[in-house]
Amino acid sequence: MPTFALIDGNSFYASCERVFRPDLAKTPIVVLSNNDGCVVTRTREAKALGIRMGAPYFEVAHLERKGLLTVFSSNYELYADMSRRMMDTIASLVPRFEVYSIDECFADLTGLPDDPTDLGQRIRARVEQWVGLPTCVGIGPSKTLAKFCNHLAKRHGKLAGVLDWGGLSPERQAKALASEPAAEVWGIGRRLAEQLAGLGVHNALQLARADPALIRRRFGVVVERVVRELNGVSCLALEDVAPPRQQLVRSRSFGKLLHERDALAAALAHHTAQAAHDLRAQGSVAGLLGVQLHTHRFREQDAQYHACDWRPLPVASSDTLALIRAALALLDRLYRKGYAYKKVGVMLAELQTGATRQADWLAPETDPARLALLGALDTVNHRYGRGTLRLGAEAIASGWQMRRDKPSPCYTTRFAELPSADARMQDE
């Protein structure tokens, strides 16, 4: 029988901040979303203050002013690097693992001689020692049960951060499932839970005991798999390497409304460069490029304009320069003066990878010098952080960057922001 573990960083963004700010160990912390809009991470202490997930910043600003709450803008450079360190540490203890998100990964524990709970505690201890991040570990015969156990390990402190489904008696397993609503099961969510309630399925135990054939007829094979996984039947294999994405979308709202074409062009060039990098990272080329342009839909007092257009590429490509040229040409077609724009984005589709790539005998291969240039661009940005090297088109105007009024330093990715000991401490 397979054995999976789900390792998850606790309040990950806030925990990353605490690694370099030990003075905040017991302080309520929240981290804000893009443009400092709303709360996306809360520590346990912040939850105790009644702060809800997704709360707009203005609802909690009074707590910050009173000194009861510490607020950070999202520092994605720091979080991505800390995630890499956490995953590398976990990889030192398990034979195979699959990164699920920036703060979660599944590990394959099948056939290991270690007691699963002991191994889970060792993983937690090593990540804490090597990286400084607290984690919880859920273990089960299926991915869904592993994730369910991780959820319980977070909620119940007496479990010491690790729960092995196989270590529970059938009676305790049933009690654990009955204690959580169906919406807490991985792959269900609020909308499906509302539909399941119409069948009398309200909690995870009732979902596990539902007829798989009925569930498949009403909700499809995906929900049927959830039912089988809750019963310990593994339907979702571990993926050592994530499958190549079939479409890439890069966009972000601006920190302030933009009116000028050059500012939009700089933002679009930046997003296109990031998408091109991701294309090359998965060994793909794109045959179709799209651009979207939007005003602020919630500002009803402003004139509204939303546009999207696509352009087939003569030859499928991952060349940053070629893709930016195509994107800017589409922008010129879509741009209209007199509007206040909130968001621009690029979409890459008709992706081809490896043997599926179709060659064009009329079109020459990419110039080797260009390939060397793109390789150097990727190498430098991978080593020193994204944006270390960038195209001039990304810098022709400013003001489009995401608003981050409360950022922490990029402690691990920028030499100028490396943490240093206080001079007075050195003297002592």
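The values are calculated or read from the model by the stated rules, or taken from the named source; none is laboratory data. Only a predicted model underlies this, so the values are computations on that prediction, with no experimental measurement involved. Ideal geometry is used to build each Cβ from the backbone, glycine not excepted, and the neighbour counts take in all protein chains shown. Just the protein is used for accessible areas: all its heavy atoms, side chains included, with ligands, DNA and RNA removed. Shrake-Rupley method; radii C 1.70, N 1.55, O 1.52, S 1.80 Å.
Here the accessible area is traced with a 1.4 Å probe on the protein chains. For region 237-337, carbon and sulfur cover 51 percent of it. In the elastic network of the chain, a GNM with C-alpha springs shorter than 10 Å, the most mobile of L348, L145, L159 is L159.
Dipole check for region 1-165: with +1 at the C-beta of Lys and Arg, -1 at the C-beta of Asp and Glu, and the Cα centre as origin, the magnitude is about 500 Debye.
Helices in the chain, meaning DSSP H runs of at least 4 residues, each add -39500 (n - 2.57). Divided by all residues, the mean residue ellipticity at 222 nm is -12000 deg cm²/dmol.
The label point for C235 and the one for V315, both projected 7 Å from the Cα toward the Cβ, are 4.5 nm apart. For K175, list the aspartates and glutamates whose Cα falls under 16 Å from its own Cα; do not include residues on the same chain fewer than 8 positions away. Qualifying aspartates and glutamates at Cα under 16 Å: D164, E184. Within region 19-116, list the trypsin sites (Lys or Arg not before Pro) lying in a DSSP loop whose Cβ has at most 15 other Cβ atoms in a 10 Å radius. The qualifying sites are K26, R52, K66. Largest GNM mean-square fluctuation among P368, P28, P407, using the chain with Cα springs under 10 Å: P368. Apolar share of the accessible surface for region 1-165: 53 percent from carbon plus sulfur atoms, 1.4 Å probe.
Our summary of shape: the Cα atoms of region 143-184 have principal axis extents of 24, 22, 19 Å, ordered from largest down, in whole angstrom. Rolling a 1.4 Å probe across the protein heavy atoms gives region 168-243 an accessible surface of 58 Å² per residue.
Once divided by 2.2 N^0.38 Å, the Cα radius of gyration of region 248-394 becomes 1.10.
Using a Gaussian network model of the chain in which every pair of alpha carbons under 10 angstrom is joined by a spring, one finds that among P312, P113, P409 the greatest mean-square fluctuation is at P113. Could you list, in their original order, any pairs among K26/K406; K47/K158; K47/K343; K66/K154 whose Cα atoms are separated by more than 23 Å? Beyond 23 Å: K47/K343; K66/K154. Three principal axis extents of region 1-165 based on alpha-carbon atoms, in descending order, are 53, 28, 25 Å. Structural descriptor for the chain: relative contact order 16 percent, calculated from alpha carbon pairs under 8 angstrom and at least 6 residues apart.
In a reduced charge model with +1 at each Lys and Arg Cβ and -1 at each Asp and Glu Cβ, region 198-303 shows a dipole moment near 240 debye about its Cα centre. Which of S142, L152, G338 sits farthest toward the positive end of the charge dipole of the chain, with +1 on the Cβ of Lys and Arg and -1 on the Cβ of Asp and Glu? Value computed over the given set: G338. Charging the Cβ of each Asp and Glu at -1 and of each Lys and Arg at +1, and nothing else, the dipole of the chain about its Cα centre rounds to 1140 debye. The largest-to-smallest principal axis extents of the Cα set in the chain are 65, 65, 49 Å.
Computed from phi, the 3J(HN,Hα) profile of region 297-309 under the Karplus parametrisation 6.51, -1.76, 1.60 (θ = phi - 60°) reads 5, 8, 9, 5, 6, 9, 5, 9, 8, 10, 9, 8, 8 Hz, with x in place of Gly and Pro. Applying 1/(1 + (r/R0)^6) with r as the Cβ-Cβ distance of M1 and R216 and R0 = 30 angstrom yields a FRET efficiency of 0.80.
In this rough spin-label picture, where each label sits 7 Å from Cα along the Cβ direction, the C308-T388 distance is 3.6 nm. Projecting the Cα atoms of T353, A174, L192 onto the charge dipole of the chain, computed from C-beta unit charges around the Cα centre, puts L192 farthest toward the positive end.
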